[in-house]
1. Quick check on the range 94-106. Is at least one of its residues farther than 23 Å from L35 by Cβ, β-branched (V, I, T) and without any contact (Cβ under 8 Å) to a residue 60 or more places away in the chain?
2. Given the options T53, T122, T132, T86, name the one that is over 26 Å from the mean Cα position of the chain (by Cα) and among the hydroxyl-bearing types (S, T, Y).
3. Taking the range 33-52 as the search range and keeping residues that are within 25 Å of A134 (Cβ to Cβ) and without any contact (Cβ under 8 Å) to a residue 40 or more places away in the chain, which one is surrounded by the most Cβ atoms within 10 Å (Cβ to Cβ)?
4. Just wondering, is there one or more residues in the range 111-119 that are surrounded by fewer than 19 Cβ atoms within 10 Å (Cβ to Cβ), in a helix (DSSP H, G or I) and touching a Leu at 6+ places or on another chain (Cβ under 7 Å)?
5. Based on what the data block shows, is A31 at pLDDT below 90 and in contact with a helix residue (DSSP H, G or I) (Cβ under 7 Å, 6 or more places away or on another chain)?
6. Only one of (1) out of contact with any Phe, Trp or Tyr (no Cβ under 7 Å at 6 or more places or on another chain); (2) closer than 30 Å to G163 by Cα is not met by G101, so which one is it?
7. When only residues in the range 146-162 that are open to solvent by less than 30 Å² (accessible area, probe 1.4 Å) and not hydroxyl-bearing (S, T, Y) count, which is farthest from G87 (Cα to Cα)?
8. In the range 66-110, what residues are of a type in the set (V, I, T), within 30 Å of V43 (Cα to Cα) and either surrounded by fewer than 18 Cβ atoms within 10 Å (Cβ to Cβ) or touching an Asp or Glu at 6+ places or on another chain (Cβ under 7 Å) (or both)?
Amino acid sequence: MSRTRLPVALLSIAALGGCSATSQYRPRIIAKHELSLAYADGVQIYAGREMLTEAPRFSGLADYVHCVPRAVEHAEDAESAGQAATGLAVAGIVLGAGSLGGLSGLAFVEEDPGKAYAIFGTGIAVALVGMTMALVSRANKNQANGHAVDALNYYNDAVGSRGKRCP
């Protein structure tokens, strides 16, 4: 590996490892129905002082912002991407755990090496599919977060920051 590729590879691995953070600040002045963000092991959206929804699914966001068309578009996209992220994460975990069955190929190494390597190879393939699903899940989660923030901003610009709410 070249000298320039190694730092890039290490940074990529660190980025995929994820980050952990918590926002400690809660706005002091907020309109009654204005939406605000918090972060505690995931994005949370508050309506006034009460939690409305949280990542990755953002359930109920589209219903809350229903009178602002651009906000609804982004809220629906957030909900859709969040549901996809959840499904892909679960499937990735199941496949990751199931890939351990490939280790049973070790029992056949002495008797039938071809069979042993086929079972072991299948386990590796299943693990790779599970990892791919987990990575796609993470991308969907990031997409859901972005759309949720956009929905929040469109809603607040139109009505929320004025203390109003969709009828």
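1. Within the range 94-106 (the criterion being farther than 23 Å from L35 by Cβ, β-branched (V, I, T) and without any contact (Cβ under 8 Å) to a residue 60 or more places away in the chain), the answer is yes, since at least one residue qualifies.
2. On the way: T53 fails: over 26 Å from the mean Cα position of the chain (by Cα); T132 fails: over 26 Å from the mean Cα position of the chain (by Cα); T86 fails: over 26 Å from the mean Cα position of the chain (by Cα).
Going through T53, T122, T132, T86 in turn, the sole match is T122.
3. Residue satisfying both the conditions and the ranking: Q44.
4. Scanning the range 111-119 turns up at least one residue that is surrounded by fewer than 19 Cβ atoms within 10 Å (Cβ to Cβ), in a helix (DSSP H, G or I) and touching a Leu at 6+ places or on another chain (Cβ under 7 Å).
5. On the way: at pLDDT below 90: yes; in contact with a helix residue (DSSP H, G or I) (Cβ under 7 Å, 6 or more places away or on another chain): yes.
Against the criterion (at pLDDT below 90 and in contact with a helix residue (DSSP H, G or I) (Cβ under 7 Å, 6 or more places away or on another chain)), A31 qualifies.
6. Status for G101: all satisfied but (2).
7. So the first thing to find is which residues in the range 146-162 are open to solvent by less than 30 Å² (accessible area, probe 1.4 Å), and the list is 148, 151-152, 155-156, 159-160.
Okay, now just the ones that are also not hydroxyl-bearing (S, T, Y), so 148, 151-152, 156, 159-160.
On the way: A148: 18, A151: 23, L152: 24, N156: 30, V159: 33, G160: 32 Å.
The qualifying residue farthest from G87 (Cα to Cα) is V159.
8. First, the residues of the range 66-110 that are of a type in the set (V, I, T): 68, 72, 86, 90, 93-94, 109.
Next, only the ones that are within 30 Å of V43 (Cα to Cα) stay: 68, 72, 86, 90, 93-94.
If the condition is that a residue be of a type in the set (V, I, T), within 30 Å of V43 (Cα to Cα) and either surrounded by fewer than 18 Cβ atoms within 10 Å (Cβ to Cβ) or touching an Asp or Glu at 6+ places or on another chain (Cβ under 7 Å) (or both), then T86, V90, I93, V94 are the ones that fit.
The values are calculated or read from the model by the stated rules, or taken from the named source; none is laboratory data. These numbers come from a predicted model, not from an experiment. Reconstructed Cβ throughout: ideal geometry from the backbone, glycine too, with neighbour counts over all protein chains shown. Heavy atoms of the whole protein, side chains included, go into the accessibility calculation; ligands, DNA and RNA do not. Shrake-Rupley method; radii C 1.70, N 1.55, O 1.52, S 1.80 Å.
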